[in-house]
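What follows is a single structure, written as structure tokens, with notes after it.
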Amino acid sequence: MAELKMLPFDAGNIPGPKMGRVTAPKIIGKMIKRAKKPLLICGSNIEEHGSIDKAIEIGKKGIPIAASGNAIVAFRNKGYMDNVKYVLLNDLANCLRDPEWKGLDGKGNYDTVIFIGSLYYLTSGILASLKNFVPHIKALAIDPYYQPNADMTFGDIWRKKDEYLAMLDEVIGEL
Amino acid sequence: MVKLKPGIFDIEDLENVKIEIKEIMGEKMPEEEWAPMGPTPKPKIPDLRYWDRILLKRYPPFYAPQCDTCILCTMGKCDLTGNKRGACGISLEAMQGRIVLLACLAGCSAHAAHGRHMLHDIEHMKGELDKIPIDFGTEINVEAPLTRLITGIKPKTVADLKEVFSYIEENIVQLGDALHTGQEGSALDFESKAYQMGMLDSLGKEAADIAQIAAFNFPIGPDRPLLDVGMGTLDTNKAVILVIGHNAPPATNICDYIQDHNLEDEVDIGGVCCTALDSSRYSTIVKLASSLGRQLRVIRAGLVDCIVVDEQCIRADIIEQAQKVGTPVIFANDKKMHNLEIRDGDDPDEIVKDLVSGNVPGVVLLDPLNVGEVAVKVAQQIKPIRRKKGWILSDEEFKKQVEACTNCGNCTIACPNGIRIGDGHKLAAEGDSSLLASQFDICIGCGRCEQVCPQNIPIVSTMIKAAWPLIQEEKGKIRQARGPIFDTEIRTVGAPLVLGTIPGIIAPIGCGNYPNGTKDVYTIAKEFGDRGYIVCLTGCMLIDTGLYKDEDGKTLFETHPDVFDKGGIINVGSCVSNAHIHDAAIKVANIFAQRNIRGNYAEIADYILNRVGACGVAWGAMSQKAASIAAGFNRLGVPAVVGPHSIKYRRSFLGRKDKEEDWYVYDARNGERVYVGPVPEHLLVVAETIEECIPLTAKLCMRAADTPAGRSIKLTHYIDLNQKYLGDYPDDWHLFVRSEADLPIAKRTELLQKLEAEQGWKIDWKSKKIVEGPKVYYNPSFDPTNIKDLIRTKKE
């Protein structure tokens, strides 16, 4: 497995004393598996690094997908829309902070959200909001970047695409 | 009896004694009663708090902290993670509101101080302010809508604006006080104060622009001439002067000097940012070299022989950057002096000599009347010296630099947009510069990459070299700024706007910190202009919009009418000019709906929120001014969509369409509480991509008072734009349907089928009417309001 570094993709993105824990893919996979109601949030960079195919694999394991930005178009182009819904990320995060929110399926809020294909700096801000104001949700980041505001995150591995995809496979292997 | 009046007087027999009377106190003529005074002239912090609380209840702040600590006092550093409280008791949530207020303070101060500074300059350059009338001709009777609305003042001369600035300045101080440790502790009250600051900001912008229009005779109204825009328009056969900033008087003096000395064939003047926009209103010899995003590249390309800066959004390292290409810098504003000597009293030729010889890298000249001669002479004299050296990398030097790149990635993680510069270098080293050239436009020109490069590659320069053929061809057009919207235009569009047949006013405004380059702003403006929205541009987004051409080689300013009417794409002006977009909305209330605006802020904001389908788009918002501008628009009832970098402002204002109870208003006719649906759904919202931004902006133009014809047009655009950019119907379109009359005729059957199948609504297919389903209230004489006091007859 690649070395996992706590190096934010935006070099100055050091938010404070609580920084995301760099976590092995298997453990993140187990966290997702254990979640009562997980949601995979796919951002506008979902087509980078081949992430979309892995996101679809995760979706096929029964984890609902929220596609932000123009990610919905990528899923449609892939012919996978089974459990994919369009969301405006800012709007979704606003709803997530309300424990009484009914969720995208009308059945209640989520307990674990997983970010992939993110626009890094935007998602970092959204994660900061979840970290500080939404204690009822665990936030995981499985992009090839260290996300300091996530509870658990991959490390800095954006230059090693194959290793990154292998890490995603490890996550999927646990689901 | 001697009648005193302001002025400077000599005293007979007393040599060297002069008496200056600035203002006669206690003798001021009472202001003409031009309209009844409303409830809140010159509102102080608490006066409009009730309106803010209405907005904040529906659109509570969403906070995304950029920093989980507070370091503002010596009890810290305090760890506020998880919304803990610091040593002073402030929570992380309140701290976010505090930082937002601080940003708005800086932004509002920038506009207001610029306006006040300009009054001083105008007095110095043009004479007594009370001799300069504010008279914009027969097409404009409501000359200063924000000033009338907020202060209750109807200004007649530029001197009347002094009272406006005094009001702003006192309030800025009061609001600044709230930032101190041990003051405000509520996030919502910080936001109310940020709204107050935003409102003051809008007022300061209007006063500043009115002052410069009146004093410098800036042209106003439609059909303005076309101006050159783009880095490729600078004529390097001439000596080139570059003006950067937001305070035009020094640049006007340069224009005067060039024209008075018939030097147009020898000296070229270009501008960056709002000084470019404002000085081009004074003289069309000014070219718009670039927006903020190209500032560093214009300098580092070595295109200019003398740089003149005034204030705001100018690089803090401009001396160092300019020295890399041998360009002297003149600092023409006391906000920015960079430890250089003030040389106003010196012989201009001595100053020129010092700058041309390189004895000093720059000078400060605070008197705008001193700038023109020095800048022109410096540019002319240094040109032959500077031009001996080429500032664009040679082919050999370029090859050497890109081959030195190890693709370590340091530049990428330093880059705000995460550009893979190393990949661009790698390809260039193999002989293909196309990737590096394409990165030029996505780059925002910050220069952070160069500082972290272990090989010391001048990355800004390698990118310029790769993109040089594109830069030379960067030659677009925009209209000269037109300033205020005519009252007559408002009379024409007032009904279509309120009825919805003109689907909205779109205001792409603000800075150039785009996520994916400048083309996006062209796409946004074109999409809405083509669809018949009125597109009002200001600032850097305006400049960048002019860079792109259609297949016929025409820019949007050539293909769309220069009028405030359906499909118009107009240059309203600089940052301060975007007050005229607020003004247009206020004028709709005043001129079209006959609402009294004098000292009547909340009622007019309520009118705009419920009726005027306007939406700002700040796709590259960067500055604190953009923060205060957005707060000013929001308090006035105008929503805004911002680009993804704007998450770093820490705060958005988001509605919850799933919470029905948030979307009730009063019918002012009888006080009935009625559900109007989520219109507009958000007040300040971050979009991730333009594919998301464009349909969202269309959605935010819907209003409670839309007529069925207007709603059907707005709904058509919302659905159509979703299908175009996101590939499907939006999942919430049914929330905006009040009856079958809201459905566009061409799609009515299809939409009714969807409502029946997906929402379970009952349809009478014979008459094609909705029998059961919609919850949203509408009545042709519906008079929606969020303010209880505006109910005319209380319901029993």
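Readers should treat all values here as calculations from the given coordinates under stated rules, not as data from a laboratory. As the structure is a prediction and not an experimental result, all values here were calculated from the model. Every residue, glycine among them, receives a Cβ derived from its backbone with ideal geometry; neighbour counts consider all protein chains shown.
If you take the Cα centroid of the range B:674-718 and the Cα centroid of the range A:80-115, the two points sit 21 Å apart. Given R0 = 60 Å, the distance between the Cβ atoms of B:Val173 and B:Trp765 translates into a calculated FRET efficiency of 0.35. Pull out a ≥ b ≥ c, the square roots of the eigenvalues of the alpha-carbon gyration tensor of the range B:395-457, then state rounded if a/c is under 1.5, prolate if not and a/b is larger than b/c, and oblate in the remaining case. Oblate, since a/c reaches 1.5 and b/c is not below a/b. Here the calculated FRET efficiency for B:Val360 and B:Glu396, from their Cβ-Cβ distance with R0 = 22 Å, stands at 0.10, rounded to the nearest 0.05.
Taking every DSSP beta bridge that has both ends in chain B, the antiparallel portion is near 40%. Each of B:Lys131 and B:Gln451 was given a label point 7 Å from its Cα along the Cα-to-Cβ line. The distance between the two points is 5.0 nm. Taking each DSSP H run with n ≥ 4 as -39500 (n - 2.57) and averaging over every residue of the protein assembly as shown yields -12000 deg cm²/dmol at 222 nm. Any idea how far the Cα center of the range B:317-396 sits from the one of the range A:14-34, in Å? Measuring centre to centre over Cα atoms gives 53 Å.
Taking a ≥ b ≥ c as the square roots of the Cα gyration tensor eigenvalues, with a/c under 1.5 meaning rounded and otherwise prolate when a/b beats b/c, else oblate, which class fits the range B:462-531? It comes out prolate by the Cα gyration axes. Sparse packing (at most 16 other Cβ atoms within 10 Å of the Cβ) combined with a DSSP loop state is found for the following trypsin sites (Lys or Arg not before Pro) in the range B:527-594: B:Lys549, B:Lys554.
May I ask you to list the chymotrypsin sites (Phe, Trp or Tyr not before Pro) in the range B:714-796 that are in a DSSP loop and have at most 14 other Cβ atoms within 10 Å of their Cβ?
B:Trp765
Residues within the reach of a label modelled at B:Glu772 (point 7 angstrom out along Cα to beta-carbon, backbone nitrogen below 12 Å), restricted to the range B:720-762, are B:760-762.
The modelled label-to-label distance for the pair B:His120/B:Asp367, using points 7 Å beyond Cα in the direction of Cβ, is 1.5 nm. With K and R counted +1 and D and E -1, the other residues having a Cβ less than 13 Å from that of B:Ala467 yield a net charge of +1.
Summed over all non-identical Cα pairs, the Kirkwood treatment of the range B:231-388 gives a radius of 14.8 Å.
Take the Cα of B:Leu427, step 7 Å toward its Cβ, do the same at A:Met6, and the gap between the two points is 3.6 nm. Between the beta carbons of B:Asp265 and B:Asp47, assuming R0 = 56 Å, the FRET efficiency works out to 0.50 to the nearest 0.05.
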